[in-house]
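The structure appears below as structure tokens.
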Amino acid sequence: MLIQAADVAKLRKVTGAGMMDCKKALTEADGDFDRAIQIIRERGQAIANKRADREATEGAVIAKISHDGKSGAIIALNCETDFVAKNEDFVKLAHKICDLALAKLPADLKTFLALDLDGKTVEETVLIQSGITGEKMEVAYYDKIVSEYVQPYIHIGNKLATLVGFNKAGFDVQIAKDVAMQIAAMSPVSISEKDVPAEVVAEELLIAKEKARLEGKAEDMLDKIAQGRLSKFYKESTLLNQASVKDNKLTIAQVLTNASAGLTVTAMKRYALKA
């Protein structure tokens, strides 16, 4: 059967698959357009099943904010190799997926994967792309922030991105950018000591006590020593207490106060591809 170029172009527009893949699918389907779409999807599913045990640790992490700056979304589209991760079409797809996340701000990743993206779900779109690249692909991460002002940061190479929300807008945007970069560079465990998970605090105290014990410190001093070391942990590992990377004489809390009285961070997200 003679496959028309117009049908190939239409199938490519619908699925995003390459010209040759579309032509092969249409040939196999004897020109049946719906069946050709199914063939492309099945190929993606077959590749996904075959490579299910592979680790998709490369990819692109993208963060974006809305035009009014009051909401932001961050996603990670993963693949197997750096070669695919740097492909222009792959990066474009990652941005398109993030645009959808920002527009809809779904509750969680499962809800996001079921959203419509040009007539297919996000999950189906990624599955089809997996069939095109021949690699396992997945949306590995999604999260959002809604606040008075949100700032994104994407590190060079799309391997790491952050979002940070602030309790008000109208301050120097460079300060917001610096804080987003601080989160990327220093990977704080929480915004302040108040929201460090209880299990993390318990573990840090346990480690500090055991270390002091091994150093030969008196048993009745261990709790006091552990509390002192916990304070150091807060200073090094919570965002507002960290020394600013740009000016280590100031904490991030002080940088924010100097920029605008009462300014603080309300939320933060950070995602990095596995090393």
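Things worth noting here:
Yes/no matrix, rows are residues, columns are (1) surrounded by 12 or more Cβ atoms within 10 Å (Cβ to Cβ); (2) in the same structural domain as Val139 (by TED's automatic domain parsing); (3) modelled with pLDDT of 95 or more:
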{"residue": "Pro188", "(1), (2), (3)": "yes, no, yes"}
{"residue": "Glu193", "(1), (2), (3)": "yes, no, no"}
{"residue": "Ala212", "(1), (2), (3)": "yes, no, no"}
{"residue": "Asp220", "(1), (2), (3)": "no, no, no"}
{"residue": "Ile225", "(1), (2), (3)": "yes, no, no"}
{"residue": "Tyr234", "(1), (2), (3)": "yes, no, no"}
{"residue": "Leu239", "(1), (2), (3)": "yes, no, yes"}
{"residue": "Gln242", "(1), (2), (3)": "yes, no, yes"}
{"residue": "Lys274", "(1), (2), (3)": "no, no, no"}
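- Per-region count, the range 218-252, residues touching a residue at least 40 places away in the same chain (Cβ under 8 Å) and part of a helix (DSSP H, G or I): 6
- Scan of the range 122-177 for residues that are under 22 Å from Lys110 (Cα atoms), small (Gly, Ala, Ser) and in contact with a Phe, Trp or Tyr (Cβ under 8 Å, 6 or more places away or on another chain), ordered by number: Ala161
- The set of residues in the range 244-272 being crowded, with 17+ Cβ neighbours inside 10 Å, under 24 Å from the mean Cα position of the chain (by Cα) and aliphatic (A, V, I, L, M) consists of Ile252, Val265, Ala267, Met268.
- Qualifying residue in the range 48-63 (condition: at pLDDT below 75 and aliphatic (A, V, I, L, M)): yes
- Any hit, the range 195-206, residues being surrounded by 17 or more Cβ atoms within 10 Å (Cβ to Cβ), modelled with pLDDT under 95, touching a strand residue (DSSP E or B) at 6+ places or on another chain (Cβ under 8 Å) and not in a strand (DSSP E or B): yes
- Conditions (1) closer than 21 Å to Gly131 by Cβ; (2) surrounded by fewer than 23 Cβ atoms within 10 Å (Cβ to Cβ); (3) among the small types (Gly, Ala, Ser); number of the one not met by Ser71: (1)
- Residues located in the range 222-258, provided they are over 29 Å from Ile75 (Cβ atoms) and small (Gly, Ala, Ser): Ala226, Gly228, Ser231, Ala243, Ala253
- Residues that are surrounded by 18 or more Cβ atoms within 10 Å (Cβ to Cβ) and of a type in the set (Phe, Trp, Tyr) were ranked within the range 80-134; the one that is nearest to Ile39 (Cα to Cα) is Phe90.
- For Lys177, the stated conditions do not hold, so it cannot be described as charged (D, E, K, R), within 22 Å of Ile65 (Cβ to Cβ) and surrounded by 18 or more Cβ atoms within 10 Å (Cβ to Cβ).
- Test: Ser147 is modelled with pLDDT under 95, surrounded by 16 or more Cβ atoms within 10 Å (Cβ to Cβ) and either basic (Lys, Arg) or touching a strand residue (DSSP E or B) at 6+ places or on another chain (Cβ under 9 Å) (or both): no
- From the list Gly157, Gly165, the one residue that fits, being under 16 Å from the mean Cα position of the chain (by Cα), surrounded by 15 or more Cβ atoms within 10 Å (Cβ to Cβ) and closer than 30 Å to Thr121 by Cβ, is Gly165.
The values are calculated or read from the model by the stated rules, or taken from the named source; none is laboratory data. Small disclaimer: the values here were computed from a predicted structure and weren't measured. Cβ sites come from the backbone with ideal geometry, for glycine too, and all protein chains shown count toward neighbours.
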